[in-house]
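Chemist: Mind having a look at this structure? Questions to follow.
Each reported figure results from applying straightforward, stated rules to the coordinates on display, with no laboratory input. Because the structure is a prediction, the values reported are computed rather than measured.
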Amino acid sequence: MNKTLLLLLLLMFCVSAACSKNPTTPPPVTTSATPAPPSAETRAAFSSPEALTKFLEQRWPISGIQTFSIPERRHNEQFENLGVEGQVWRGSLFATQDTGFDEISWYANVKNGQVAIYSLGARKGDDFWLLEIADQDDVRQPPDFAPDPKLKEFVGHK
């Protein structure tokens, strides 16, 4: 009986000691308030129409554009595309290849010889898909080839 009582007291002591400890919390995650600047490769891609075309062809392969371009993800005309300001560059992706689209093209607002922001779209007949509007910061993340077709910017949002 003494062993049982001793074990019970020991167990109660351990439980009370564990409960009285302050829970440990991991240190807060700190992030830099200033994001890293765009890479030299990205800056170079944004420095000429030819370089941006090459960059976008790598960023948006035909298979990714085909994945994106389903009827439900056609552009909802109630949402604006990129407005044109000042100097504008334009280009076409995969111009010498059969892509299944009438055109895959981009246009960009340019400031000081660099693309400030671009719009990339694909057209087939009367259907238009706004694939991306992005700047140098946005392209740090890979493109989303299969966004939710229920988003408001798509016609399939209903």
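Chemist: Under 8 Å for C-alpha pairs, at least 6 residues apart: give me the relative contact order for the stretch 90-147, rounded to a whole percent. Don't jump to the answer; show the numbers that get you there.
Modeler: Working: 84 pairs, mean separation 13.7, N = 58.
Reported as a whole number, the value is 24 percent.
Chemist: For LYS124, list the aspartates and glutamates whose Cα falls under 15 Å from its own Cα; do not include residues on the same chain fewer than 8 positions away.
Modeler: GLU72, ASP98, ASP102, GLU103
Chemist: Let me ask something additional. Report the extension gain between ASP126 and ASP148 in nm, rounded to one decimal, defined as 0.36 nm multiplied by the number of residues separating them, less their alpha carbon distance. Write out the running numbers ahead of the final one.
Modeler: Values: separation 22, 0.36 × 22 = 7.92 nm, distance 2.18 nm.
5.7 nm is the gain from fully extending ASP126 to ASP148.
Chemist: Determine the gain in length on full extension of the stretch THR42-ARG90; use 0.36 nm per residue of separation and subtract their C-alpha separation, reporting nm with one decimal.
Modeler: Details: separation 48, 0.36 × 48 = 17.28 nm, distance 1.77 nm.
Length difference between fully extended and current span is 15.5 nm.
Chemist: Quick check on the stretch 39-138: what does the Kirkwood estimate of hydrodynamic radius come out to from the alpha carbon pairs, in Å?
Modeler: The Cα-based Kirkwood calculation yields 13.9 Å.
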